[in-house]
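Derivation of every value follows stated rules applied to the coordinates shown; laboratory data play no part. It should be emphasised that the depicted structure is a prediction, and the values quoted were computed from it without experimental measurement. When we count neighbours, we look across all protein chains shown, and the Cβ atoms used for this are built from the backbone with ideal geometry, even at glycine.
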Amino acid sequence: MLQLETPILELVLRAALLFALFMVLLRIVPRRSVGELASMDLVFLLLITNAASNSLGEFSSLTDGTVQILTFFGLNYLTNQLSYRFPAIERLLEHSPLPVVQNGRMLRRNMRKEALTEEELMASLRKEGIGDLIQVRKAVVESDGRLSFIREDG
C-alpha cells in the first residue's frame, strides 16, 4: 500500500505535464468560462483532486498519489512565487482586464472575445443595481472572469 509502484521521476513528470497542459488550456479559454476562481486556483484544485482520486483508486499505492500531490503543491508554489517576483510571468499566465463597456457604449469586439452576450451583460448590470448602460463609465471582464463596473457618478 505504501510502496512506490511507479518510478518517482515518471510521477513528477506526469504531474508537471498535466499542470502545464491545464495552464495552457486555461489561458486559451475565455476567462468567463472559468467562473469565480482564478485560473491558478482552478488548475491547482483540479490537479489535486485528480491526484487524490488516483491515489485512492487507480493507483494501489498511496505513495504514488502523494508524490503527485506534492509535485502539484511545489509547482503551484513556484508559479505563484515567479508570478509575484516577475510581472512578465504573471502577464503570461493571467488574462489582463478587458473593457467591455466604455462611457455607456458596448465594446462589441471585446465582448465577442469573451463570448459575452448583450443579455448577459445587462443581467450583470441589473445584479449591480444599474438600470441603464448610460450609467456605466466602464465595465471590465477581470482576469478571474468576473465583471466589474465603474458608474458614471463614480
Q: Estimate the FRET efficiency between GLN102 and LEU17 by the formula 1/(1 + (r/R0)^6), using the beta-carbon distance for r and 41 Å for R0, to the nearest 0.05.
A: 0.50
Q.
Suppose each label sits 7 Å from its Cα in the direction of the beta carbon; what would the LEU70-ARG126 distance come out to in nanometres?
A. 5.3 nm
Q. How far, in degrees from 0 to 90, does helix 62-85 lean away from the longest principal axis of the Cα atoms of the chain, to the nearest 10?
A. 40 degrees
Q) ASP153 to LEU45: FRET efficiency via 1/(1 + (r/R0)^6), r the Cβ-Cβ distance, R0 41 Å, to the nearest 0.05? A) 0.60
Q: Counting helices only, and only those DSSP H runs with n ≥ 4, report the 222 nm mean residue ellipticity of the chain as the sum of -39,500 (n - 2.57) divided by its residues, in deg cm²/dmol to the nearest 500.
A: -17500 deg cm²/dmol
Q) To the nearest 0.05, what FRET efficiency results for LEU2 and ILE28 with a Förster distance of 30 Å applied to their C-beta separation? A) 0.15
Q) To the nearest 10 degrees, how steep is helix 8-28 against the longest Cα principal axis of the chain, on a 0 to 90 scale? A) 10 degrees
Q.
Output the 0 to 90 degree angle, nearest 10, between the alpha-carbon long axis of helix 39-53 and the longest principal axis computed from the alpha carbons of the chain.
A. 30 degrees
